[in-house]
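The values are calculated or read from the model by the stated rules, or taken from the named source; none is laboratory data. Here the structure is a predicted model, which is why all the values come from computation and not from measurement. Neighbour counts are summed over all protein chains in view; Cβ atoms, including those assigned to glycine, are modelled from backbone coordinates with ideal geometry. Each accessible area value is taken on the protein alone, full model and side chains, heavy atoms only, with ligands, DNA and RNA left out. Shrake-Rupley method; radii C 1.70, N 1.55, O 1.52, S 1.80 Å.
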Amino acid sequence: MSARTSAKFTLWINRIIALTVIGLLPAMPALLRWYETLRPLGQHSAKAIAFGFYLCAPVVLYALWCIDRLVTNILSEQVFITENVRRLRRIRWCCAGVSLICLPAACFYQPLIFMVVIMAFLALVVSVVKNVMAAAVQIREENDLTI
């Protein structure tokens with residue numbers, strides 16, 4: 001698979017995920033009731049899941065929008081630019097934000113601790129990628145100044 005095909009695939013998957021999150025916003029109460037038929041939840045557990053989801057949804061949607069813009073820039077061959085570094089920084093903060101939002105909810109519904117750890121790890125990975133991208137942007141800018 002070529003890099004361009006991979007980027008296009010990423011863009012479409014990203015958009016499908018964003019539409020799914022948007023679709024889940026009104027459906028969450030019914031989905032929680034359905035989930036409680038499979039696994040009884042305490043009153044606080046259901047509220048913790050809803051609390052975490054509704055607070056995380058805008059953060060996740062913003063991160064997905066940043067990913068959309070990042071991949072769009074890559075498709076238009078604007079890879080090593082400062083704007084992409086800013087987008088990666090914002091995605092990192094969104095990952096960290098979701099981790100922090102889910103932390104208190106995990107006190108009431110323990111499986112959310114996995115979300116806390118996964119998103120904290122993802123924030124770390126995106127931070128490393130952001131630092132690599134920032135270094136590449138700096139090198140490109142220095143090369144642009146060299147005749």
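Odds and ends about this structure:
- Selection status of Leu124, touching a Cys at 6+ places or on another chain (Cβ under 9 Å), at pLDDT 95 or above and open to solvent by 70 Å² or more (accessible area, probe 1.4 Å): yes
- Of all the listed residues (Ile67, Ile49), the sole one being touching a Ser or Thr at 6+ places or on another chain (Cβ under 9 Å) and within 18 Å of Met119 (Cβ to Cβ) is Ile67.
- A single entry from Thr10, Thr20 fulfils the requirement of being among the β-branched types (Val, Ile, Thr) and touching a residue at least 60 places away in the same chain (Cβ under 8 Å): Thr10.
- Figure legend. Inter-residue proximity from region 126-145: first residues closer than 17 Å to Cys66 by Cβ, second residues open to solvent by 50 Å² or more (accessible area, probe 1.4 Å), beta-carbon distance below 8 Å, spacing 6+ or different chains. Indicated pairs: Lys130/Arg89; Met133/Phe80; Val137/Phe80; Val137/Thr82.
- Put simply, of Leu38, Leu70, Leu75 the only residue that is free of Cβ contacts under 8 Å to residues at least 24 places away in the same chain and closer than 23 Å to Ala135 by Cβ is Leu70.
- Selection from region 47-67 of residues that are without any contact (Cβ under 8 Å) to a residue 60 or more places away in the chain and within 19 Å of Gln110 (Cα to Cα): Ala50, Phe51, Phe53, Tyr54, Leu55, Cys56
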